[in-house]
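Taken together, the values in this text are just the output of simple stated rules run on the coordinates, not laboratory data. Quick caveat: nothing in here was measured; it's all calculated off a predicted structure. Every residue, glycine as well, gets a Cβ built from its backbone with ideal geometry; the counts of neighbours run over all protein chains shown.
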Amino acid sequence: MAERLAGRSELAVTLSLAGRTAAPARQPVPVRVGGFGGAEGLREYLRAERIDALVDATHPYAALISANAARAAEQANVALLALRRPPWKPVSGDRWTEVANTEEAVGALGAAPRRVFLALGRNELAPFVRAPQHHYLVRSVDLVDPPLTVPDATYVVARGPFAEAAERALLTTHGIEVVVAKNSGGPATYGKIAAARELGLAVLLLRRPQLPSVPSVETVEDALAWLDHALVSGVDRGV
């Protein structure tokens with residue numbers, strides 16, 4: 001979406017990143033990095049910067065960010081849209097088990113040693129130290145430091161998107177038996193899901209969190225159309 005808006009001289013676009021990645025990908029618009037200080041801090045930012053429209057395009061599992069965006073936009077009287085990727089749906093051959101969270105995923109792995117691919121964020125890995133009998137393959141954008149206090153873990157630092165063929169090779173090379181992942185939706189990280197299906201592997205998917213009930217769309221095209229309408233409406237009412 002930032003790429004589509006970058007060339008529009010009539011707009012002042014700011015992309016806000018949470019700051020959880022040490023070296024985020026370069027962006028074609030000005031970037032702000034770091035938290036705002038909760039909903040109240042975001043509200044004051046929206047007012048101070050005279051923001052006309054806010055698009056919540058964060059990860060579908062970043063429930064707190066989405067909740068803060070909804071509350072701040074309402075309090076600051078700023079038009080809000082959520083751009084949410086639809087979740088993946090199981091197809092024939094998928095061996096999915098949905099779990100509530102990482103703690104439940106640890107239990108679902110069972111007591112017998114297994115070779116597990118953890119396709120999760122660094123901040124979500126801690127519960128797995130309670131099951132040190134497994135071998136873990138951990139992939140993250142930044143290095144996991146300190147590493148997990150388990151006897152057998154392999155770390156891969158990589159940034160998506162990940163093609164299905166490369167994911168199949170990764171899972172095969174490491175002898176993976178089960179994949180633990182989020183139902184992130186979209187094509188960028190679906191490769192591991194398709195590869196697991198082809199290899200007949202079990203997949204533990206973390207259930208999506210409850211998100212605020214706000215106007216939402218599933219595609220960038222629809223978000224751009226909403227934005228154009230919201231800005232025209234804002235001008236009409238003097239916002």
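Given charges of +1 on the Cβ of Lys and Arg and -1 on the Cβ of Asp and Glu, with all other atoms neutral, how large is the dipole of region 95-206 about its Cα centre, in debye to the nearest 20?
160
GNM, the chain, Cα, under 10 Å: largest mean-square fluctuation among Asp228, Asp56, Asp94?
Of Asp228, Asp56, Asp94, the Gaussian network model singles out Asp228 as fluctuating most.
Taking the number of other C-beta atoms within 10 Å as the exposure measure, put Ser184, Ser9 in order starting with the fewest.
Taking fewest neighbouring Cβ atoms as first place, the list is Ser9, Ser184.
Give me Leu211, Leu227, Leu143 sorted ascending by neighbouring Cβ count inside 10 Å, so fewest comes first.
Leu143, Leu211, Leu227
Which one, Pro146, Pro90, Pro187, has the greatest fluctuation when you compute a Gaussian network model over the chain with C-alpha springs under 10 angstrom?
The residue that fluctuates most here is Pro146.
Over the alpha carbons of region 48-185, what is the largest minus smallest coordinate on each principal axis, giving the biggest first in Å?
54, 37, 26
Compute a Gaussian network model of the chain, connecting alpha carbons closer than 10 Å, and tell me which residue from Leu17, Leu109, Leu206 fluctuates the most.
In the Gaussian network model the winner is Leu17.
If we count other beta carbons within 10 Å of each Cβ, what is the order of Lys192, Lys182, fewest first?
Lys182, Lys192
Which residues' amide hydrogens lie under 5 Å from the amide hydrogen of Val141, considering only partners 5 or more residues apart or on another chain, with H built in the peptide plane?
Under 5 Å from the amide H of Val141 lie the amide H atoms of Ala158, each far enough along the sequence or on another chain.
Once you have the Cα-Cα distance between Arg85 and Ala2, take 0.36 nm times their residue separation minus that, and quote the gain in nm to one decimal.
Using 0.36 nm per residue and subtracting the Cα-Cα distance, I get 28.3 nm.
Could you tell me the largest-minus-smallest coordinate of the C-alpha atoms of region 22-123 on each of the three principal axes, in descending order and whole angstroms?
56, 30, 27
Would you mind computing Rg(Cα) / (2.2 N^0.38 Å) for the chain, counting N as its residues?
That ratio works out to 1.14.
With θ set to phi - 60°, apply the Karplus curve 6.51 cos²θ - 1.76 cosθ + 1.60 along region 43-53 and write out the HN-Hα couplings as whole Hz, x wherever there is a Gly or Pro.
The phi angles translate into 4, 5, 5, 4, 5, 5, 8, 6, 6, 8, 8 Hz.
Once every DSSP H run of n ≥ 4 in the chain is given -39500 (n - 2.57) and the sum is divided by its residues, what mean residue ellipticity at 222 nm do you get, rounded to the nearest 500 deg cm²/dmol?
-9000 deg cm²/dmol
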